[in-house]
Each structure stands twice: as C-alpha cells, then as structure tokens.
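The values are calculated or read from the model by the stated rules, or taken from the named source; none is laboratory data. The structure displayed is predicted, hence computed values, not measured ones. All Cβ positions, even for glycine, are placed from backbone atoms using ideal geometry, and neighbour counts span all protein chains on display. For accessibility, only protein heavy atoms count, side chains too; no ligands or nucleic acids. Shrake-Rupley method; radii C 1.70, N 1.55, O 1.52, S 1.80 Å.
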Amino acid sequence: MREDIRIAGFGGQGVILSGIIVGKAASLFDNKNAVQTQSYGPEARGGASRCEVVISDETIDYPKVQNPDIFVAMSHEALMTYIDDLKDGGTLIIDPGTITESEIEEFVKEHNIKLYRAPATEIATNEIKLKIVANIVMIGAFVKITNAISKEAAIKAIEDSVPSGTEEKNIQAFEAGYNFV
Amino acid sequence: MPDEKSPFLKYLREDRLPTIFCPGCGIGTIINSFLKGVNEAELDFDNLALVSGIGCSSRIPGYIQSDSLHTTHGRAISFATGLKVSNSDLDVVVFTGDGDAASIGGNHLIHAARRNINLTVICINNNIYGMTGGQISPTSPKGSFGSTAPYGTTDNPFNLAELVATAGASYSARWTTLKIHHVVRSIKDALKNPGFSFVEVISQCPTYFGRKNKLRSPVDMISYMKNNTVFKAQVPSLSRKELEGKIIVGEFANTKKPEFVENIKELSKSKSDSEPIQNSAYLEEF
Amino acid sequence: MVKELFIQGNEACAEGALKAGCRFFAGYPITPSTEVAETLAIKLPAYKGSFVQMEDEIGAAGAIIGGSWGGSKSMTATSGPGFSLMQENIGYAFMSETPIVIVDVQRGSPSTGQPTMVGQGDMMQARWGSHGDYEPIALSPSSVQEFFDFTVEAFNLAEKFRTPVFVMADEIVGHMREKIIIPDKIDIVPRKMPESQKDFLPFKNNGINPMPSFGEGFDIHVTGLTHDERGYPDANNPKTHDTLVRRLSSKILDNKKDIVSTQKDFCEEADIVVVSYGAPFRSALNAVNIARDDGLKVGSFKLNTPWPFPEAEIREISKNASHIIVVEMNLGQIYWEVERVACSNSKTHLIGKIGGEIPKPNEILAEIKKVGGN
Amino acid sequence: MINIDEDLCKGCHLCVFICYKNVYAVSLKPNKKGVLLPYPKFEKECTKCGDCELMCPDQAIDVDIETHWWVKEKDSKFNPNFNNKKES
C-alpha cells in the first residue's frame, strides 16, 4: 500500500529533517520503500517549507506526492498553502500553538478529514526546554497517530540523523510526542 | 656532424622543424631561454609537463620533446591546474600569449595567481594577435595599430606582470626578448619558486605588430625595444613624461606564500593517512 | 561491507564516483547539482583524492581534462548553464580522447531558466553541444540507486573507450532521497598504461589506444588540433582529418552493442509503447501499470543510454507497436530521434512537459487512452 | 667555430644585431629558400659569449664553446636526463 505524506512549516523548524527521518525509518529500518522530496529555492529559505515522503510496500514509481494521505502542518501559513489537495478522509496533524483552527473548520468537515492536535512547540519549549526539537516531538505524535512507520524504526532513524551528542535529547523529545497523543 | 648543431636542438622534436614561427619572431628565443632556465634550475627534463592554449606562443610545447598538452584558447591554466593537482610531482609550465592569457583566459590567470598554485606561466607578450592576423590585444599600447584598430587603438592596455602580482602570485617579472640573460634567470627563479610564477616576456612580432606600426624588420623591432626599456628600479627617478611609452622591466613580486597543492596535500594527510594517490586511474581496486 | 543509505541522488552520484575510482573533482557551484560537489569536497580528502572549486565551468572542464592526463579519474558536475560553458572543452576531450565524466543535473531551460525546477532540455546539447562530429555516450538515471550505478558505469565506459561520458540526470533524481545499496565490491575498469615507450603511438589508427599519464616518459603531445598518430598537429591534411574523426566516431558506433542499455517492461505484446528516460520514466511506468490493469496492451521502454541512441531497439519495438508515446521534459528532443527511427512503422506522439514539474501519471494515462481509444 | 644551419635559418638577422663584436655579415645572394644568410665574416673577433646562439629563434646557430657554455659542460653532471634525452 502506498502512503503519501506531506510535512510543512516555516523555514528553520526542521521540516526537511523530519521528512528525512520518516523516509529513512521506513526504508532502512522498516524494510519498506520510501522516496523523500522537498521544495527548493527561495521558497525553502524562509516562508513556507515543504517536505514530502512516499512510503510503500511495493516499488515506488511516481516519486512525488499528489494528494497526501497524511498532512502534518507546523505553521499556519504552511497549512493554508498546502491543505487544498489533502485527500478526502485524509489525516491532518496540526500544532495548535501555531495555527488558527477556525480557518480550516469548514474544509475539515467538508472533506471528512481526521484532525489531530499535537502541541509540539509547546512540549518542546516547556518539557524538553529546547524549542528546536519541536519537529522531533511532532514525529513522535505522527508515529503514534498514523503508524506509518514503526516506533523502533523511528528511534533508529532519529539516532542516525541528528547531530552526534544530541541523540538523547532528541529521543526524549520523540517519546514526549509519542506519549502525548 | 652533431657537434655543429645548436645545443638546443636535442631537446626539440627535430622532425617537426623548422618551426612555423615567422622569421625573427621572439618565440624561438624564448624556447632557448626556457631550456637554459630548466637546466640552470636543475630540473629533471623528463618531469616537465608543458601546457598551452591557442596562439603562436601556444605552439611551443609541440616543439619541445616533453609531455605536452596543447589545449583550447585561454584555458591552458585551468588544464594545468588539474594536471598539477592530479600529479603534484610534475613541473608544470604554461606557455601563453597576451591574448590567450589576458583576454579570453584572464579569469583563469588571476584565479591561479590568487590560489598561488605552483605553476610557471611564461607569457610571450607581443602586443598583438599573431595567429589570426594582427588584431589588437589587451596589451596593445594605446595608439598602436592593428587590423581591428586601423585608426589606432583607444583601449587602455593591461599591465600584466603587475596585474598578476596584485592578484596574489608569489613571483612575477617582466623582461624583453633582448634581455635574454634576465629572461633565463627569471625562468630559473620561476621554476624554482614553489608557488604561482609569472614571467612576461615582451617579444617582437615583426610580421603583424611590426608591419602595422612602422617597425618592419625584426631588427627594427628589437632596436625599438632596446631604446625604450626602463628598469623598474629607475622608475621613481623618472617623470611621467619620461616614462611614456616605455617598457618597464624587472621583478614585480618575489615572496613566499602558502601554496595551493600543498594545502590540498595537507588536507588529504589530515583526513586519511597519506597524500593524494598518484596515477590512481591505473589501479584495479581501491 | 554492503552499505545501505537513505540519501539524495546527488550524494549517491558522489558515492558512485568514489567507488568507481574518481580521485579528482573540479567544479563550480550551480543549482541543482551542487550537492555532488559538496559531498565530494567532504569525502575526497579522506579517499586520498583532490577537490578544487574552479573559477567557472570552463575552468572546471579544463581542470578535469588536465586531471585525467595527470593520471586520475576525473569528474565534474553541473547544470544546463554550466554545461553550455563547458562545451568547448568537451569538444577538446573528444578530440584528444580524454576519459572524463560530466554530470549534468538538468533544470528548467533555456538560459538560467528554472534553477530549482526540473527539466530535460539539455539532451540535444549532450548530443551536439560542441562543434563538429563526435559520438557521445550519455546515461540517464531515474532513481537514486541508478544515479549511483550509472555514475560507476560512466567511469567504466569513459576508460574503456577513452572518451568523455555524460550522466544526464535531472533535478528530481538529483534531489530526491531513496534507499541505495552500495555493494562491497564493484567492477571497475582501470586505465591501461602502454607497455613500451619505444615507438608508442598514442593516437594510432586502430580503435582505442592505451593512455599514458604525464611524467611517465612517453613525451606525449596532446592537442585539439587535427593530429597524426604521434599526436602532432597536421591540420592542413584532409586525409589525416578524415582518418582521425572517422575513427573517433567508429570507436563508439562499432561498439554500440556493448554500450547501449535499455529497460523494457511489457513491450513484447504491446500495441502502445511509452518511451521515456530519467525521472519521467517513473510516471510512465505508473501510467503503464494502471493502463494494463484496465486491459490495454501497453508497454514501457526506458533509455538508460539516450546516447548513443538505441536505434535498433526502437526499430524492433516499432514493428509491433502501432503507437509510440515519448514522454520527456522538453518540447521534443529525443522524440525526434524516435520519430526518425520508428515513423515508417508506428505513429509517434510526444508528451513534452515543461514548466518544472515531472509529467503526472494521469497525463500519460490520458494520452495512452486517447491514442488507443478503441 | 660558428656554424649556421642553412635549413633552419629564416634570415631574421637578429644575430647580426645582437653580436657586440660585429662578427656577422649578411650575404648578398639569397640561398635556395630565398634567405639572405648571415655568415661569421669576422670570426676571429668572436669572444664566444654565446648570445647569438641563445638569441637565434630558429636554433640555427652553433658556437663552438669548449669551456664557457652551459649545456656541454654542466648538464652531464647534475642533470643526466637532460643530457641523455636523445639517446634513449
């Protein structure tokens, strides 16, 4: 089965790294196939940043995400920019601290979206005392909610991707996100 | 009777002689000066790699019995950069002209000087494009005539030896073909200098520059040089008017600076256990 | 040890180069190829190799030719505008029979076009970009694994045929991340040093000659001018020129069987064949699979080597297929080659997608249904 | 003894100009290539400085110098490759 995932936020939130971790977890540690793509250029420097991952048990041909099954939005601007092509009945995970929910209420209802809230920025700031790990907190929540990748694979992928010396903090962040939901 | 032949001939590809150079062209003299300079610098002749671009001067490597790379117009220094980095044991010498080095190849010239890569560039500056038939070059003196400057050029010329010195070369000098012994010594110093070395030799092109500028014979040209050469050390004592139209000769840079390929070697040593491997293309496995 | 990595295509290209024995890289930054240079800047020193950032792409092409004669397998990576600048020295490499690898990660074009978006507008530039007659070899990867594999293959072909080889990738393949498997051992083609210095003719008229490096005492003269078997310029001799240039072409064309590589899916019985290369192949295969599920007789034909053009293979396909659809990210470059070869048997169609996105499977599916409507 | 190689000389007469002892003169009759060859008319004036040999752009002049000249004396000592080039 093919799952199309989109993660978006503003530049500097570590959105791209989140996508790499998800792709790495699926392909290297869950024995599935994965393709990760991202937006480049001026768009990627400040403003909305977007990263997409396709996960599948079979060979992945078309590498891009057309209508995501899962959309993780970490900023309001990114949410509004990229929500339109979310699949009917798809999963939307938002960071309520950065988003004005009222603006998407109608869309969610109309397209039968499964909406989840993961206050990643708040957890990162208050529990981990490190705002920059919000993206890792979000991966924790994402794993718990969607089961797109296994928890073990996610942890291995995080350890493999974050700067050495910061593994512990990042795993702590992951667990916090995972346990919140 | 071999003893009656010029001593330089044995280093040339004799089956290709006589050269294509016009009678009285300074390039032949510079070949001799170079061979003498190599000898005085005590270099191993087999270790020379000669690189050139396009133009009359760039035909030199084709006549010297040595590994030689005759490349595209203006690009010789970039080929030489790759060659030197790939095999730093080679003594890489670039022969170039004023158009080749300073016009189409100007960017490569200043960047090689900036890097201070251990190359010796011998620039035969005849102030004109010889091979294409006498067009003005970036070093043609203001007011001189060429086939593309029938009314005299109004362009300002480059001062190459100074340009290269300013760009960061650790050795830069200018002489004329008449000052052969200075040329030899400069080439020797340049070859021994472990950094970017530039030797500009003002040379005569009787066929084009001479004919278009009322200096019809090689002797006319060289006597003009003789009468208009000023040593760099004399410059402060001369007025601007006295210096007008003069060829200033001497050394413009002669210092020691960190060298580019050495830095690459150091990096390789710090990240692996050795310098870059040579002739790695011939290895069957890595 | 076999390594499994989840990396970008451009990084995989760099890994392939290292594995193939590349020990010299000279380049100039240009989107979307820069990660190739960045990865090699990090890794080459540890592999006892050298990295140089040149002043421009012309210099980069020159430097790798110099590097190759210096005895190192050499490579550069660029994108369309840089590829344009390199063309003069690429011609030199063909004429002087210098093995080098040039990676072109294609973007939207012409001119500076779309730096961060995908395109395939350089395919004819790879074929005819430099002046004169020559036969290039070009490989087009459509996955990260292929970017690795084809880079290795490019080095092997370059050495085997003493010629420049292009890896014509694109922004999608260059930037996307996928898992790749790097085997422990890879077949590489080492360069051959000529056996004896005496009477050695580096440009002998007998196909492919061994190549000495500088400093080994061969006193070799290498020139871009028309040269005789010794390498000496002989530019005014019609016969020398004719012999030389024909040999340079035939050393590739006579060995086409060893060079050309294609991938055929369901082509045997297909009435419609979708021809593609690079990233669009992924969309094409997706569309073909969907169409086959709908009962249509469709196949996919992928050119791993757009150059030399697989004429015989396309002609074979055209015998059965009544329609051939070419999918590429330009307004028709490889399409005209297919048309030239297949036109007497099949009707050819072009999906020429420009704008910076790869064709969507739906677009290809729609075309399949349109041409094979009944 | 000064030797001028008739096949290599192109008749530029730089040797005539550079010789500070005015050893050379120019022949009045062109040779079969149309070159007015220089010849060492006042050879006994020659000091064997070798400047003409070094200056000659076409490697056409050989000045027989036994002791002063760089190539013949020195090269065999410190630069064997330089000397053995042609024999190999």
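Brief remarks on what is shown
- For chain B, the longest principal axis of the alpha carbon atoms and the long axis of helix B:260-271 meet at an angle near 10°.
- In straight-distance terms, cross-link reach from C:LYS239 covers every one of the aspartates and glutamates whose alpha-carbon lies under 18 Å from its own, apart from those fewer than eight places away in the same chain; here that gives C:ASP133, C:ASP228, C:GLU229.
- Solvent-accessible area per residue, Å², over segment C:127-226 with all protein chains present [probe radius 1.4 Å]: 34 Å²
- The accessible-area loss of segment C:86-134 on complex formation, taken against its chain alone with a 1.4 Å probe, reaches 10 Å² or more at C:GLU88, C:ASN89, C:TYR92, C:THR116.
- Solvent-accessible area of A:ASP84 with every protein chain in place, 1.4 Å probe, in Å² to the nearest 10: 110 Å²
- Taking amide H atoms as placed 1.01 Å from N in the peptide plane, the amide H of A:GLN38 lies under 5 Å from those of A:GLU52, each 5 or more residues away in sequence or on another chain.
- Total formal charge among the other residues, if their Cβ is under 11 angstrom from that of B:HIS111, Lys/Arg +1 and Asp/Glu -1: 0
- Segment B:162-286 - Debye-derived log10 I(q)/I(0), Cα point model, q = 0.13, 0.15, 0.16 Å⁻¹: -0.70, -0.82, -0.88
- For B:VAL249, distant residues with modelled amide H under 5 Å away: B:VAL230, B:PHE231, B:LYS232
- Segment B:7-282 - percent of accessible surface contributed by carbon and sulfur, probe 1.4 Å: 51 percent
- By the rule of a C-alpha distance below 19 Å, with chain neighbours fewer than 8 residues away ignored, the aspartates and glutamates paired with C:LYS319 are C:ASP265, C:GLU268, C:GLU269, C:ASP271, C:GLU311, C:GLU337, C:GLU339.
- For segment C:1-69: rounded, prolate or oblate by the Cα gyration tensor [a/c cutoff 1.5]: oblate
- Accessible surface buried once C binds B (1.4 Å probe; total of both sides; Å²): 4200 Å²
- Hydrodynamic estimate: the Kirkwood radius of segment C:166-283 over Cα pairs, inserted into Stokes-Einstein at 25 °C and 0.890 mPa s, corresponds to D of 129 µm²/s.
- Helix axis angle, C:238-253 relative to chain C longest principal axis, alpha carbon, degrees: 50 degrees
- Semi-axis lengths, largest first, of the ellipsoid equivalent to chain B are 32, 22, 18 Å, with √(5λ) applied to each eigenvalue of the Cα gyration tensor.
- Histogram of C-alpha separations across segment C:1-116, 10 Å bin width, %: 15, 47, 31, 7, 0
- A straight Cα-to-Cα reach below 19 Å connects D:LYS32 with the aspartates and glutamates D:ASP5, D:GLU6, D:ASP7, D:ASP58, residues fewer than 8 places away in its own chain not being considered.
- Of the solvent-accessible surface of chain C, computed with a 1.4 Å probe and all protein chains present, 49% belongs to carbon and sulfur.
- In segment B:21-55, the chymotrypsin sites (Phe, Trp or Tyr not before Pro) that fall in loop regions by DSSP, at most 15 other Cβ within 10 Å: none
- Computed with a 1.4 Å probe over protein heavy atoms only, the accessible surface of segment A:2-180 comes to 42 Å² per residue.
- The portion of the accessible surface of segment A:2-180 made up by carbon and sulfur, rounded to a whole percent, is 47 (1.4 Å probe; DNA, RNA and ligands excluded).
- Among the listed pairs B:LYS36/D:LYS29; A:LYS151/C:LYS179; B:LYS188/D:LYS44, those with a Cα-Cα distance over 28 Å are B:LYS36/D:LYS29; B:LYS188/D:LYS44.
- Computed from phi, the 3J(HN,Hα) profile of segment C:17-25 under the Karplus parametrisation 6.51, -1.76, 1.60 (θ = phi - 60°) reads 4, 4, 5, 7, x, 5, 10, 9, 10 Hz, with x in place of Gly and Pro.
- Under 5 Å, built H, 5+ apart or other chain: amide partners of A:ILE60: none
- Taking the convex hull of Cα positions in chain C, its mean projected area over all directions (nm²): 19.0 nm²
- Residue-wise HN-Hα couplings along segment C:163-169, as the Karplus relation 6.51 cos²θ - 1.76 cosθ + 1.60 with θ = phi - 60° gives them from phi, are 8, x, 10, 9, 10, 8, 8 Hz; Gly and Pro carry x.
- Chain B, relative contact order in percent, only Cα pairs under 8 angstrom and at least six apart counted: 17 percent
- Cut-off of 10 Å, at most 12 other beta carbons, DSSP loop: longest stretch of chain C lacking such GluC sites (Glu not before Pro): C:1-194
- Probing with 1.4 Å while keeping every protein chain in the model, the per residue accessible area of segment B:35-168 equals 27 Å².
- With Cα atoms, 0 to 90° folded angle of helix B:76-86 axis to chain B main axis: 20 degrees
- Rg/Rg_ref, the protein assembly as shown, where Rg_ref = 2.2 N^0.38 Å and atoms are Cα: 1.12
- In order along segment C:26-35, the phi-based Karplus estimate (6.51 cos²θ - 1.76 cosθ + 1.60, θ = phi - 60°) of 3J(HN,Hα) comes to 10, x, 9, x, 7, 5, x, 9, 4, 4 Hz; Gly and Pro are listed as x.
- Rg over Rh, two decimals, segment B:54-105 (C-alpha only, Kirkwood Rh): 0.96
- Protein heavy-atom accessible area occluded, B/D pair - total, 1.4 Å probe, Å²: 3500 Å²
- Above-threshold pairs, the threshold being 20 Å between Cα atoms, out of A:LYS32/C:LYS43; C:LYS257/C:LYS347; B:LYS10/B:LYS179; B:LYS179/B:LYS212; B:LYS5/D:LYS48; A:LYS87/C:LYS369: A:LYS32/C:LYS43; C:LYS257/C:LYS347; B:LYS10/B:LYS179; B:LYS179/B:LYS212; A:LYS87/C:LYS369
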